[in-house]
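Quick notes on the structure that follows.
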Amino acid sequence: MNGVKSVPVYKNITVFTQNFDESNIKKNSKLMLYNINEKREVMTGLQGVDFNKMKSSLPLKITKGTININQLNQGGVVITNYGSKMLGYKLGDYIKVIHDKELNFKEDKLEYKNGKSKEQVLSLKVVGIIKDYPMEEGPDIGIYTSPEFMKKHFNTDSINEVYYKILDKKSQSDIENKVETLIRNQPSSTVILYNRQTELQTLYNQFNQRVAILLSCVVLICLLAMIGLMNGMASSLQERSREFATIRALGNKTKHIVRLTLVEGALVTLGGGILGILFGSVLLNQLLLSLDHKSITLPWKVILICLVTTPMIGIVASLIPSMYLSKRDILKELSS
(Lines give C-alpha, C1' and ligand atoms only; values in the text may rest on other atoms or scores of the structure.)
Protein backbone atom coordinates (compact mmCIF):
# COMPACT_ATOMS: atom_id res chain seq x y z
CA MET A 1 0.00 0.00 0.00
CA ASN A 2 1.13 3.54 -0.69
CA GLY A 3 2.03 5.52 2.40
CA VAL A 4 2.86 2.40 4.45
CA LYS A 5 6.16 0.84 5.55
CA SER A 6 5.95 -2.79 6.59
CA VAL A 7 8.26 -5.50 7.92
CA PRO A 8 7.14 -9.16 7.78
CA VAL A 9 8.10 -11.62 10.50
CA TYR A 10 8.40 -15.12 9.06
CA LYS A 11 7.72 -18.33 10.94
CA ASN A 12 10.82 -19.86 12.48
CA ILE A 13 11.74 -23.49 13.00
CA THR A 14 13.50 -25.20 15.90
CA VAL A 15 16.95 -26.56 15.16
CA PHE A 16 19.76 -28.15 17.16
CA THR A 17 23.44 -27.47 16.62
CA GLN A 18 25.67 -30.36 15.54
CA ASN A 19 29.14 -28.87 16.04
CA PHE A 20 28.78 -26.95 19.30
CA ASP A 21 31.94 -26.59 21.41
CA GLU A 22 30.93 -26.81 25.07
CA SER A 23 34.22 -25.24 26.17
CA ASN A 24 32.93 -21.89 24.84
CA ILE A 25 30.28 -21.67 27.55
CA LYS A 26 31.08 -19.29 30.37
CA LYS A 27 30.79 -20.42 33.96
CA ASN A 28 27.33 -20.02 35.57
CA SER A 29 25.81 -19.73 32.10
CA LYS A 30 22.05 -20.39 31.86
CA LEU A 31 22.43 -21.93 28.41
CA MET A 32 20.47 -25.20 28.22
CA LEU A 33 22.23 -28.14 26.54
CA TYR A 34 20.75 -31.32 25.09
CA ASN A 35 22.31 -34.74 24.62
CA ILE A 36 22.22 -35.71 20.94
CA ASN A 37 23.95 -38.96 20.10
CA GLU A 38 26.18 -38.65 23.18
CA LYS A 39 27.17 -35.05 22.38
CA ARG A 40 25.95 -31.86 24.05
CA GLU A 41 24.25 -29.42 21.69
CA VAL A 42 22.15 -26.24 21.82
CA MET A 43 18.57 -25.68 20.73
CA THR A 44 17.88 -22.45 18.86
CA GLY A 45 15.66 -21.00 16.16
CA LEU A 46 16.30 -20.62 12.43
CA GLN A 47 14.25 -17.88 10.79
CA GLY A 48 13.94 -16.21 7.42
CA VAL A 49 14.26 -12.42 7.48
CA ASP A 50 13.63 -9.85 4.77
CA PHE A 51 16.69 -7.76 5.64
CA ASN A 52 16.09 -5.25 2.84
CA LYS A 53 12.73 -4.20 4.29
CA MET A 54 14.06 -4.36 7.81
CA LYS A 55 17.02 -2.06 7.09
CA SER A 56 14.74 0.50 5.43
CA SER A 57 12.31 0.58 8.38
CA LEU A 58 14.18 -0.32 11.56
CA PRO A 59 17.61 0.37 13.07
CA LEU A 60 19.90 -2.53 12.20
CA LYS A 61 23.56 -2.20 13.19
CA ILE A 62 25.99 -4.62 11.53
CA THR A 63 29.07 -5.07 13.71
CA LYS A 64 30.96 -7.59 11.57
CA GLY A 65 30.69 -8.84 8.00
CA THR A 66 27.88 -7.91 5.60
CA ILE A 67 24.32 -8.92 4.90
CA ASN A 68 24.24 -10.08 1.31
CA ILE A 69 21.00 -11.63 0.04
CA ASN A 70 22.81 -13.88 -2.46
CA GLN A 71 25.01 -15.26 0.32
CA LEU A 72 21.98 -15.85 2.53
CA ASN A 73 20.20 -17.70 -0.28
CA GLN A 74 23.22 -20.02 -0.57
CA GLY A 75 23.42 -20.93 3.13
CA GLY A 76 24.80 -17.80 4.77
CA VAL A 77 23.37 -16.77 8.14
CA VAL A 78 23.40 -13.79 10.47
CA ILE A 79 23.69 -14.00 14.27
CA THR A 80 23.71 -11.40 17.07
CA ASN A 81 26.64 -10.25 19.19
CA TYR A 82 25.10 -12.03 22.17
CA GLY A 83 24.65 -15.23 20.19
CA SER A 84 28.25 -15.07 18.99
CA LYS A 85 29.57 -14.73 22.55
CA MET A 86 27.32 -17.41 24.01
CA LEU A 87 27.71 -20.01 21.28
CA GLY A 88 31.30 -19.25 20.33
CA TYR A 89 30.63 -18.88 16.58
CA LYS A 90 32.53 -16.08 14.86
CA LEU A 91 32.45 -14.49 11.41
CA GLY A 92 33.30 -17.10 8.77
CA ASP A 93 32.54 -20.10 11.03
CA TYR A 94 30.11 -22.81 10.00
CA ILE A 95 27.14 -23.70 12.18
CA LYS A 96 25.90 -27.22 11.60
CA VAL A 97 22.21 -27.63 12.45
CA ILE A 98 19.50 -30.24 12.16
CA HIS A 99 15.73 -29.78 12.16
CA ASP A 100 14.04 -30.99 15.35
CA LYS A 101 11.71 -33.10 13.18
CA GLU A 102 14.69 -35.33 12.37
CA LEU A 103 15.17 -36.18 16.05
CA ASN A 104 13.33 -38.35 18.58
CA PHE A 105 13.35 -38.22 22.37
CA LYS A 106 14.47 -41.49 23.91
CA GLU A 107 15.26 -41.89 27.61
CA ASP A 108 15.86 -38.14 28.10
CA LYS A 109 18.14 -38.09 25.08
CA LEU A 110 17.77 -37.03 21.45
CA GLU A 111 18.61 -39.44 18.66
CA TYR A 112 18.34 -39.41 14.87
CA LYS A 113 15.02 -40.73 13.61
CA ASN A 114 16.67 -42.97 11.06
CA GLY A 115 19.79 -43.40 8.99
CA LYS A 116 18.79 -40.66 6.57
CA SER A 117 18.48 -38.03 9.32
CA LYS A 118 22.21 -37.44 9.41
CA GLU A 119 22.05 -36.47 5.74
CA GLN A 120 19.69 -33.61 6.69
CA VAL A 121 22.38 -31.78 8.68
CA LEU A 122 22.94 -28.33 7.15
CA SER A 123 26.19 -26.38 7.30
CA LEU A 124 25.45 -22.65 7.59
CA LYS A 125 28.20 -20.05 7.23
CA VAL A 126 28.19 -16.96 9.46
CA VAL A 127 28.41 -14.05 7.00
CA GLY A 128 27.24 -11.26 9.29
CA ILE A 129 26.96 -10.37 12.97
CA ILE A 130 24.48 -7.72 14.12
CA LYS A 131 24.24 -5.90 17.45
CA ASP A 132 20.60 -6.83 18.08
CA TYR A 133 17.74 -8.32 16.14
CA PRO A 134 15.09 -5.53 16.16
CA MET A 135 12.14 -7.93 16.45
CA GLU A 136 13.45 -9.57 19.63
CA GLU A 137 13.82 -8.11 23.09
CA GLY A 138 16.58 -9.23 25.41
CA PRO A 139 19.27 -11.88 24.87
CA ASP A 140 18.95 -13.63 21.51
CA ILE A 141 20.81 -16.68 20.18
CA GLY A 142 18.68 -17.02 17.04
CA ILE A 143 20.07 -17.73 13.56
CA TYR A 144 18.74 -15.67 10.65
CA THR A 145 18.81 -16.32 6.93
CA SER A 146 16.72 -15.46 3.87
CA PRO A 147 13.06 -16.47 3.32
CA GLU A 148 14.12 -18.09 0.00
CA PHE A 149 16.55 -20.39 1.82
CA MET A 150 13.85 -21.40 4.31
CA LYS A 151 11.41 -22.10 1.48
CA LYS A 152 13.91 -24.20 -0.43
CA HIS A 153 15.18 -26.38 2.43
CA PHE A 154 12.27 -26.47 4.90
CA ASN A 155 9.25 -25.50 2.77
CA THR A 156 8.54 -22.71 5.26
CA ASP A 157 7.55 -19.29 4.00
CA SER A 158 4.50 -18.39 6.09
CA ILE A 159 4.33 -15.07 7.93
CA ASN A 160 3.46 -14.89 11.62
CA GLU A 161 3.31 -11.12 11.99
CA VAL A 162 3.53 -7.96 9.93
CA TYR A 163 4.70 -4.74 11.57
CA TYR A 164 3.60 -1.71 9.60
CA LYS A 165 3.76 2.02 10.06
CA ILE A 166 1.52 4.58 8.36
CA LEU A 167 3.68 7.33 6.89
CA ASP A 168 0.91 9.33 5.19
CA LYS A 169 -1.05 10.73 8.15
CA LYS A 170 -3.58 12.41 5.86
CA SER A 171 -4.67 9.04 4.50
CA GLN A 172 -4.45 7.23 7.84
CA SER A 173 -8.17 6.51 8.15
CA ASP A 174 -8.37 5.21 4.55
CA ILE A 175 -5.34 2.97 5.04
CA GLU A 176 -6.74 1.61 8.31
CA ASN A 177 -10.03 0.80 6.57
CA LYS A 178 -8.18 -0.99 3.76
CA VAL A 179 -6.20 -3.06 6.28
CA GLU A 180 -9.35 -4.01 8.20
CA THR A 181 -11.08 -4.99 4.95
CA LEU A 182 -8.08 -7.09 3.96
CA ILE A 183 -8.14 -8.89 7.31
CA ARG A 184 -11.85 -9.62 7.12
CA ASN A 185 -11.31 -11.29 3.73
CA GLN A 186 -8.97 -13.94 5.16
CA PRO A 187 -11.28 -16.91 5.85
CA SER A 188 -8.48 -19.48 6.04
CA SER A 189 -6.58 -17.89 8.94
CA THR A 190 -7.11 -15.95 12.14
CA VAL A 191 -5.62 -12.48 11.98
CA ILE A 192 -5.45 -10.10 14.94
CA LEU A 193 -4.90 -6.41 14.30
CA TYR A 194 -3.71 -4.10 17.01
CA ASN A 195 -2.16 -0.66 17.23
CA ARG A 196 1.18 -1.02 18.95
CA GLN A 197 1.35 2.67 19.81
CA THR A 198 -2.07 2.51 21.46
CA GLU A 199 -1.10 -0.63 23.37
CA LEU A 200 2.13 0.98 24.55
CA GLN A 201 0.24 4.11 25.58
CA THR A 202 -2.22 1.98 27.54
CA LEU A 203 0.67 0.16 29.20
CA TYR A 204 2.35 3.49 29.95
CA ASN A 205 -0.83 4.87 31.51
CA GLN A 206 -1.27 1.73 33.63
CA PHE A 207 2.34 1.98 34.76
CA ASN A 208 1.91 5.64 35.72
CA GLN A 209 -1.30 4.77 37.57
CA ARG A 210 0.44 2.10 39.63
CA VAL A 211 3.37 4.40 40.35
CA ALA A 212 0.95 7.13 41.47
CA ILE A 213 -0.80 4.66 43.81
CA LEU A 214 2.56 3.52 45.19
CA LEU A 215 3.73 7.11 45.75
CA SER A 216 0.40 7.96 47.43
CA CYS A 217 0.90 5.03 49.81
CA VAL A 218 4.46 6.20 50.56
CA VAL A 219 3.24 9.75 51.25
CA LEU A 220 0.46 8.42 53.51
CA ILE A 221 2.95 6.27 55.43
CA CYS A 222 5.22 9.31 55.87
CA LEU A 223 2.31 11.40 57.15
CA LEU A 224 1.27 8.70 59.62
CA ALA A 225 4.89 8.35 60.76
CA MET A 226 5.17 12.11 61.20
CA ILE A 227 1.95 12.25 63.23
CA GLY A 228 3.17 9.40 65.41
CA LEU A 229 6.54 11.07 65.87
CA MET A 230 4.85 14.38 66.67
CA ASN A 231 2.78 12.68 69.36
CA GLY A 232 5.87 10.93 70.76
CA MET A 233 7.89 14.17 70.78
CA ALA A 234 5.05 16.05 72.49
CA SER A 235 4.88 13.43 75.26
CA SER A 236 8.67 13.36 75.65
CA LEU A 237 8.96 17.14 75.80
CA GLN A 238 6.06 17.36 78.25
CA GLU A 239 7.85 14.99 80.64
CA ARG A 240 11.06 17.00 80.34
CA SER A 241 9.42 20.41 80.66
CA ARG A 242 11.09 21.10 84.04
CA GLU A 243 14.46 20.22 82.55
CA PHE A 244 14.00 22.71 79.73
CA ALA A 245 12.66 25.32 82.16
CA THR A 246 15.83 24.93 84.23
CA ILE A 247 17.96 25.40 81.13
CA ARG A 248 16.07 28.58 80.30
CA ALA A 249 16.41 29.80 83.88
CA LEU A 250 20.18 29.39 83.62
CA GLY A 251 20.23 31.92 80.77
CA ASN A 252 19.78 29.93 77.57
CA LYS A 253 17.60 31.53 74.94
CA THR A 254 14.31 30.07 73.75
CA LYS A 255 15.63 29.52 70.22
CA HIS A 256 18.38 27.28 71.60
CA ILE A 257 15.75 25.08 73.25
CA VAL A 258 13.79 24.90 69.96
CA ARG A 259 16.96 24.09 68.03
CA LEU A 260 17.83 21.31 70.47
CA THR A 261 14.43 19.63 70.07
CA LEU A 262 14.57 19.95 66.28
CA VAL A 263 18.01 18.29 66.19
CA GLU A 264 16.68 15.51 68.41
CA GLY A 265 13.74 14.89 66.05
CA ALA A 266 16.01 14.96 62.99
CA LEU A 267 18.41 12.40 64.54
CA VAL A 268 15.54 10.05 65.45
CA THR A 269 14.11 10.02 61.91
CA LEU A 270 17.58 9.89 60.31
CA GLY A 271 18.32 6.75 62.31
CA GLY A 272 15.00 5.27 61.17
CA GLY A 273 15.80 6.23 57.57
CA ILE A 274 19.22 4.53 57.69
CA LEU A 275 17.69 1.34 59.09
CA GLY A 276 14.99 1.46 56.42
CA ILE A 277 17.61 1.85 53.67
CA LEU A 278 19.67 -1.09 54.97
CA PHE A 279 16.73 -3.49 55.35
CA GLY A 280 15.09 -2.26 52.13
CA SER A 281 18.29 -2.80 50.12
CA VAL A 282 18.67 -6.33 51.50
CA LEU A 283 15.06 -7.22 50.66
CA LEU A 284 15.36 -5.65 47.18
CA ASN A 285 18.45 -7.69 46.32
CA GLN A 286 16.89 -10.87 47.72
CA LEU A 287 13.92 -10.31 45.40
CA LEU A 288 16.19 -9.66 42.40
CA LEU A 289 18.27 -12.76 43.17
CA SER A 290 15.10 -14.85 43.16
CA LEU A 291 14.49 -13.47 39.64
CA ASP A 292 17.99 -14.61 38.51
CA HIS A 293 19.56 -11.16 38.72
CA LYS A 294 23.35 -11.54 38.81
CA SER A 295 24.65 -8.39 40.54
CA ILE A 296 23.89 -6.34 43.63
CA THR A 297 21.67 -3.31 42.97
CA LEU A 298 21.73 -0.15 45.05
CA PRO A 299 19.35 2.64 43.93
CA TRP A 300 21.61 5.55 44.90
CA LYS A 301 19.14 8.26 43.89
CA VAL A 302 16.41 6.82 46.11
CA ILE A 303 18.91 6.36 48.95
CA LEU A 304 19.99 10.01 48.74
CA ILE A 305 16.37 11.18 48.66
CA CYS A 306 15.63 9.11 51.78
CA LEU A 307 18.70 10.47 53.60
CA VAL A 308 17.57 14.03 52.84
CA THR A 309 13.82 13.69 53.49
CA THR A 310 13.90 11.62 56.72
CA PRO A 311 15.58 14.38 58.84
CA MET A 312 13.17 16.92 57.36
CA ILE A 313 10.22 14.79 58.51
CA GLY A 314 11.72 14.76 62.02
CA ILE A 315 12.18 18.53 61.98
CA VAL A 316 8.60 19.16 60.87
CA ALA A 317 7.23 16.68 63.44
CA SER A 318 9.24 18.31 66.26
CA LEU A 319 8.53 21.92 65.30
CA ILE A 320 5.02 22.31 66.79
CA PRO A 321 5.79 20.60 70.16
CA SER A 322 9.02 22.60 70.52
CA MET A 323 7.26 25.91 69.77
CA TYR A 324 4.59 25.04 72.31
CA LEU A 325 7.23 24.18 74.90
CA SER A 326 9.13 27.43 74.35
CA LYS A 327 6.05 29.50 75.27
CA ARG A 328 5.47 27.76 78.64
CA ASP A 329 5.92 29.86 81.80
CA ILE A 330 9.28 29.12 83.43
CA LEU A 331 8.14 29.85 87.01
CA LYS A 332 5.07 27.64 86.67
CA GLU A 333 7.17 24.79 85.34
CA LEU A 334 9.77 25.06 88.12
CA SER A 335 7.15 25.31 90.89
CA SER A 336 5.10 22.29 89.70
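The values are calculated or read from the model by the stated rules, or taken from the named source; none is laboratory data. It should be emphasised that the depicted structure is a prediction, and the values quoted were computed from it without experimental measurement. Neighbour counts run over all protein chains shown; Cβ positions are idealised from the backbone, glycine included.
Of all the residues that make up segment 8-47, how many are surrounded by 12 or more Cβ atoms within 10 Å (Cβ to Cβ), basic (Lys, Arg) and farther than 19 Å from VAL121 by Cβ?
Residues in segment 8-47 being surrounded by 12 or more Cβ atoms within 10 Å (Cβ to Cβ), basic (Lys, Arg) and farther than 19 Å from VAL121 by Cβ: 1 in total.
Checking ILE213 against (1) in a helix (DSSP H, G or I); (2) among the hydrophobic types (A, V, I, L, M, F, W, C); (3) closer than 25 Å to PRO59 by Cβ, which single condition isn't satisfied?
Here ILE213 clears every test but (3).
Going by the conditions given, is ARG210 among the charged types (D, E, K, R) and farther than 25 Å from GLY3 by Cα? Walk me through how you get there before you give the answer.
Values: among the charged types (D, E, K, R): yes; farther than 25 Å from GLY3 by Cα: yes.
For ARG210, the condition - among the charged types (D, E, K, R) and farther than 25 Å from GLY3 by Cα - is met.
Hey, any hits in segment 26-40 for a residue that's assigned by TED's automatic domain parsing to the domain that holds LEU122, closer than 18 Å to GLU137 by Cα, not charged (D, E, K, R) and not in a loop (DSSP other than H, G, I, E, B)? Show your work before the answer.
In the first step, residues of segment 26-40 are kept if they are assigned by TED's automatic domain parsing to the domain that holds LEU122; the result is 26-40.
If we keep only those that are closer than 18 Å to GLU137 by Cα as well, we get 30-31.
Those still in the list that are not charged (D, E, K, R) too: 31.
Then keep just the ones that are not in a loop (DSSP other than H, G, I, E, B); that gives none.
No, there is no match, as no residue in segment 26-40 is assigned by TED's automatic domain parsing to the domain that holds LEU122, closer than 18 Å to GLU137 by Cα, not charged (D, E, K, R) and not in a loop (DSSP other than H, G, I, E, B).
Conditions tested, residue by residue: (1) aliphatic (A, V, I, L, M); (2) outside the structural domain of ILE320 (by TED's automatic domain parsing); (3) under 19 Å from CYS306 (Cβ atoms); (4) without any contact (Cβ under 8 Å) to a residue 12 or more places away in the chain.
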position: GLY232; (1), (2), (3), (4): no, no, no, yes
position: ILE247; (1), (2), (3), (4): yes, no, no, yes
position: ILE257; (1), (2), (3), (4): yes, no, no, no
position: GLU264; (1), (2), (3), (4): no, no, no, no
position: GLY271; (1), (2), (3), (4): no, no, yes, yes
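Answer yes or no as to whether LEU91 is among the hydrophobic types (A, V, I, L, M, F, W, C), assigned to a loop (DSSP other than H, G, I, E, B) and either modelled with pLDDT of 90 or more or under 24 Å from ASN114 (Cα atoms) (or both). Step through it out loud before you land on a result.
Working: among the hydrophobic types (A, V, I, L, M, F, W, C): yes; assigned to a loop (DSSP other than H, G, I, E, B): yes; either modelled with pLDDT of 90 or more or under 24 Å from ASN114 (Cα atoms) (or both): yes.
Spelling it out, LEU91 is indeed among the hydrophobic types (A, V, I, L, M, F, W, C), assigned to a loop (DSSP other than H, G, I, E, B) and either modelled with pLDDT of 90 or more or under 24 Å from ASN114 (Cα atoms) (or both).
I want to confirm something. Restricting to segment 235-267 and keeping residues that are closer than 13 Å to ILE315 by Cα and hydrophobic (A, V, I, L, M, F, W, C), which single residue is surrounded by the fewest Cβ atoms within 10 Å (Cβ to Cβ)?
Residues of segment 235-267 that are closer than 13 Å to ILE315 by Cα, as a first pass: 258-267.
Cutting the leftovers down to hydrophobic (A, V, I, L, M, F, W, C) gives us 258, 260, 262-263, 266-267.
Details: VAL258: 18, LEU260: 15, LEU262: 19, VAL263: 14, ALA266: 19, LEU267: 12.
The selected residue is LEU267.
Report yes if ILE296 is over 30 Å from LEU167 (Cβ atoms), free of Cβ contacts under 8 Å to residues at least 12 places away in the same chain, among the β-branched types (Val, Ile, Thr) and not assigned by TED's automatic domain parsing to the domain that holds GLY138, otherwise no.
It is true that ILE296 is over 30 Å from LEU167 (Cβ atoms), free of Cβ contacts under 8 Å to residues at least 12 places away in the same chain, among the β-branched types (Val, Ile, Thr) and not assigned by TED's automatic domain parsing to the domain that holds GLY138.
Scan segment 105-149 residue by residue and report those that are over 34 Å from the mean Cα position of the chain (by Cα), acidic (Asp, Glu) and outside any strand (DSSP E or B).
GLU107, GLU119, GLU148 - these are the residues of segment 105-149 that are over 34 Å from the mean Cα position of the chain (by Cα), acidic (Asp, Glu) and outside any strand (DSSP E or B).
Can ILE129 be described as in the same structural domain as THR63 (by TED's automatic domain parsing) and out of contact with any Pro (no Cβ under 8 Å at 6 or more places or on another chain)? Explain how you work it out, then say what you get.
Values: in the same structural domain as THR63 (by TED's automatic domain parsing): yes; out of contact with any Pro (no Cβ under 8 Å at 6 or more places or on another chain): yes.
When the stated conditions are applied, ILE129 passes them.
So which residues in segment 207-265 are modelled with pLDDT of 80 or more and of a type in the set (Ser, Thr, Tyr)?
SER216, SER235, THR261
Would you pick out the residues in segment 290-315 that are exposed (fewer than 11 other Cβ atoms within 10 Å of the Cβ) and of a type in the set (Gly, Ala, Ser)?
SER290, SER295
Those residues that are over 32 Å from the mean Cα position of the chain (by Cα), farther than 28 Å from LEU124 by Cα and surrounded by 13 or more Cβ atoms within 10 Å (Cβ to Cβ), I need them from segment 150-171; list them, please.
Scanning segment 150-171 gives a single hit, SER171.
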